[in-house]
Amino acid sequence: MPKYYEDKEEDGRACRGVREDLRQCLLESPCVLQENKSPKQCLREGHCRSLQMTFFACKRSMVSGCSVFSSASGL
(Lines give C-alpha, C1' and ligand atoms only; values in the text may rest on other atoms or scores of the structure.)
Protein backbone atom coordinates (compact mmCIF):
# COMPACT_ATOMS: atom_id res chain seq x y z
CA MET A 1 0.00 0.00 0.00
CA PRO A 2 1.35 3.47 -0.84
CA LYS A 3 2.79 5.38 2.06
CA TYR A 4 2.79 8.86 0.51
CA TYR A 5 0.33 10.06 3.15
CA GLU A 6 2.59 9.03 6.01
CA ASP A 7 5.43 11.04 7.52
CA LYS A 8 8.42 11.13 5.25
CA GLU A 9 11.88 12.62 5.51
CA GLU A 10 11.95 16.33 4.86
CA ASP A 11 13.79 16.80 1.59
CA GLY A 12 11.99 19.89 0.30
CA ARG A 13 11.21 18.39 -3.11
CA ALA A 14 7.78 18.38 -4.68
CA CYS A 15 5.76 15.16 -4.51
CA ARG A 16 8.39 13.68 -2.19
CA GLY A 17 6.09 11.07 -0.65
CA VAL A 18 5.02 9.62 -3.97
CA ARG A 19 8.61 9.79 -5.20
CA GLU A 20 9.76 7.78 -2.17
CA ASP A 21 6.99 5.20 -2.64
CA LEU A 22 7.93 4.78 -6.30
CA ARG A 23 11.57 4.33 -5.33
CA GLN A 24 10.69 1.71 -2.71
CA CYS A 25 8.38 -0.11 -5.10
CA LEU A 26 11.15 -0.37 -7.68
CA LEU A 27 13.79 -1.44 -5.17
CA GLU A 28 11.50 -4.17 -3.81
CA SER A 29 10.30 -5.39 -7.23
CA PRO A 30 11.28 -8.84 -8.52
CA CYS A 31 12.83 -7.08 -11.49
CA VAL A 32 15.51 -5.57 -9.23
CA LEU A 33 15.75 -8.28 -6.58
CA GLN A 34 15.64 -11.41 -8.74
CA GLU A 35 16.67 -10.26 -12.20
CA ASN A 36 19.37 -7.86 -10.92
CA LYS A 37 18.30 -5.04 -13.24
CA SER A 38 18.62 -1.37 -12.38
CA PRO A 39 15.54 0.44 -11.01
CA LYS A 40 15.66 2.72 -14.06
CA GLN A 41 15.52 -0.25 -16.40
CA CYS A 42 12.64 -1.80 -14.43
CA LEU A 43 10.75 1.48 -14.61
CA ARG A 44 11.14 1.49 -18.40
CA GLU A 45 9.80 -2.08 -18.51
CA GLY A 46 6.59 -1.00 -16.78
CA HIS A 47 7.09 -2.02 -13.17
CA CYS A 48 5.27 0.07 -10.51
CA ARG A 49 3.24 1.72 -13.28
CA SER A 50 0.46 3.06 -11.02
CA LEU A 51 2.91 4.87 -8.75
CA GLN A 52 4.77 6.19 -11.77
CA MET A 53 1.53 7.64 -13.18
CA THR A 54 0.66 9.15 -9.77
CA PHE A 55 4.09 10.76 -9.53
CA PHE A 56 3.87 12.22 -13.04
CA ALA A 57 0.34 13.51 -12.35
CA CYS A 58 1.62 15.22 -9.20
CA LYS A 59 4.49 16.86 -11.08
CA ARG A 60 2.21 17.84 -13.95
CA SER A 61 -0.28 19.47 -11.58
CA MET A 62 2.49 21.69 -10.25
CA VAL A 63 3.49 22.84 -13.74
CA SER A 64 -0.07 23.42 -14.95
CA GLY A 65 -0.90 25.42 -11.81
CA CYS A 66 1.94 27.83 -12.48
CA SER A 67 0.99 28.30 -16.12
CA VAL A 68 -2.51 29.40 -15.13
CA PHE A 69 -1.09 32.34 -13.22
CA SER A 70 1.36 33.35 -15.91
CA SER A 71 -1.27 33.27 -18.68
CA ALA A 72 -3.81 35.16 -16.54
CA SER A 73 -1.36 38.00 -15.92
CA GLY A 74 -1.29 38.78 -19.64
CA LEU A 75 -5.00 39.67 -19.71
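The values are calculated or read from the model by the stated rules, or taken from the named source; none is laboratory data. Treat the numbers as computed from the prediction; the structure is a model and nothing was measured. With ideal geometry, Cβ positions are generated from the backbone for all residues, glycine too; neighbour counts draw on all protein chains shown. Each accessible area value is taken on the protein alone, full model and side chains, heavy atoms only, with ligands, DNA and RNA left out. Shrake-Rupley method; radii C 1.70, N 1.55, O 1.52, S 1.80 Å.
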May I ask you to give the solvent-accessible area per residue for the range 16-60, in square angstrom, as obtained with a 1.4 angstrom probe?
-> 64
Report, to the nearest whole %, how much of the accessible area of the range 16-60 belongs to carbon and sulfur atoms, 1.4 Å probe, protein only.
-> 54
Accessible surface of Leu27 in the full protein assembly, 1.4 angstrom probe, to the nearest 10 Å²?
-> 70
R0 = 22 Å: FRET efficiency of Arg16 with Gln41, Cβ-based, nearest 0.05?
-> 0.40
Which value, in Å² and to the nearest 10, is the accessible area of Met62 when all protein chains are kept and the probe is 1.4 Å?
-> 90
